[in-house]
Amino acid sequence: MLSFADRLLHFLSTFPAPPTLPDEVQAYNPYQDSTVASLMTQFGQKYYADQRPRVALLGINPGRFGAGRTGVAFTDPATLAGACGIPNELPQHPELSSQFVYRVVAALGGPAAFYQDFYLGSLYPLVLLRHGKNYNYYDSSALTTALEPAIRVSLQRQVDELGLVRTAAVCLGRRNGLLFEKLNKELGLFNEIHVLDHPRYLMQYKCRELPLHVARYAEVLGSVVSS
């Protein structure tokens, strides 16, 4: 029987990029790069090498400096090496979302404990760039409309192929939650979705209150696992 890691890498590596997108946006699949695929494989073998069902924490779409380089959602190269114990030769620049997420991971017992229960991913699993800079699927209405069918497929595939816990999921980002909740009502994937502020937003605009927000995350995630 395939492990969670095997199923996840298959989903990520086979998700197709769209031929064209509006507003000069480009999408690419980082998992077709050999370095990214190797790092994700090492991560999966270390943390996902079993058949446990996991609670999904889903962000928007990967950024080029986080999962775009490491293959692991919300995990920059420095965190992949330092917190997750997977050395790499990538530029060790910290990424804001990763810094916040791994404060939460630490609060919940560290990566080994965290990844036994949780899966970090995205509604749309490909990196989006506009003029070489990170772009979100909701940054233009035309792009949202163009990508909504693919996001619907992404969500359905993740639930079906990964064997996610269906009683509840966690959405990272309020604007992200609008589409997530809409599609969940259509597809009937999760009984409940908990929507939390996006890690990057909290690091940029709520940095003085970070302990409170880390505690809020930990409270919500703990309640989902125990329910």
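What to note about this one:
- Evaluating S154 against the criteria (1) over 25 Å from Q26 (Cβ atoms); (2) within 14 Å of the chain's Cα centre (by Cα) leaves one unmet condition, (1).
- Scanning region 212-225 for residues that are of a type outside the set (A, V, I, L, M) and crowded, with 17+ Cβ neighbours inside 10 Å, we see that the one that is nearest to F114 (Cα to Cα) is Y217.
- Considered as a group, the residues in region 212-227 that are assigned to a helix (DSSP H, G or I) and hydroxyl-bearing (S, T, Y) include one that is nearest to V104 (Cα to Cα), and that residue is Y217.
- Residues located in region 130-154, provided they are in contact (Cβ under 8 Å) with a residue 60 or more places away in the chain, assigned to a helix (DSSP H, G or I) and surrounded by 16 or more Cβ atoms within 10 Å (Cβ to Cβ): L143, A146, L147, A150, S154
- Within region 35-79, the set of residues being among the small types (G, A, S) and over 20 Å from V170 (Cβ atoms) comprises A37, S38, G44, A49, G68, G71, A78.
- Among the residues of region 90-112, just one is among the charged types (D, E, K, R) and modelled with pLDDT of 95 or more, namely R103.
- Positions within region 69-110 being surrounded by fewer than 23 Cβ atoms within 10 Å (Cβ to Cβ), closer than 19 Å to T35 by Cα, of a type outside the set (A, V, I, L, M, F, W, C) and in contact with a helix residue (DSSP H, G or I) (Cβ under 8 Å, 6 or more places away or on another chain), in sequence order: G85, P87, N88, P91, Q92, H93, P94
- Meets criteria (surrounded by fewer than 23 Cβ atoms within 10 Å (Cβ to Cβ) and either out of contact with any helix residue (DSSP H, G or I) (no Cβ under 6 Å at 6 or more places or on another chain) or not aliphatic (A, V, I, L, M) (or both)) for P62: no
- Contacts under 7 angstrom Cβ, first residue in region 109-129 being free of Cβ contacts under 8 Å to residues at least 40 places away in the same chain, partner part of a loop (DSSP other than H, G, I, E, B), 6 or more apart: F114/L108
- Y48 vs. criteria surrounded by 14 or more Cβ atoms within 10 Å (Cβ to Cβ), aromatic (F, W, Y) and farther than 22 Å from V224 by Cα: no
- Applying the condition of being among the aliphatic types (A, V, I, L, M) and either surrounded by fewer than 21 Cβ atoms within 10 Å (Cβ to Cβ) or at pLDDT below 95 (or both) to region 113-129 and asking which residue is nearest to K182 (Cα to Cα) yields L120.
- Scope region 161-211; condition surrounded by 14 or more Cβ atoms within 10 Å (Cβ to Cβ) and part of a loop (DSSP other than H, G, I, E, B); matching residues: G163, L164, V165, R166, A168, G173, L189, F190, D197, H198
- Cβ pairs under 9 Å, 6+ apart, first in region 94-105 and within 16 Å of L58 (Cβ to Cβ), second of a type in the set (K, R) and surrounded by fewer than 24 Cβ atoms within 10 Å (Cβ to Cβ): S97/R200; F100/R200
The values are calculated or read from the model by the stated rules, or taken from the named source; none is laboratory data. Just so it is clear, the structure is predicted and the values come from calculations on it, not from any experiment. Backbone-built Cβ (ideal geometry, glycine too); neighbour counts: all protein chains shown.
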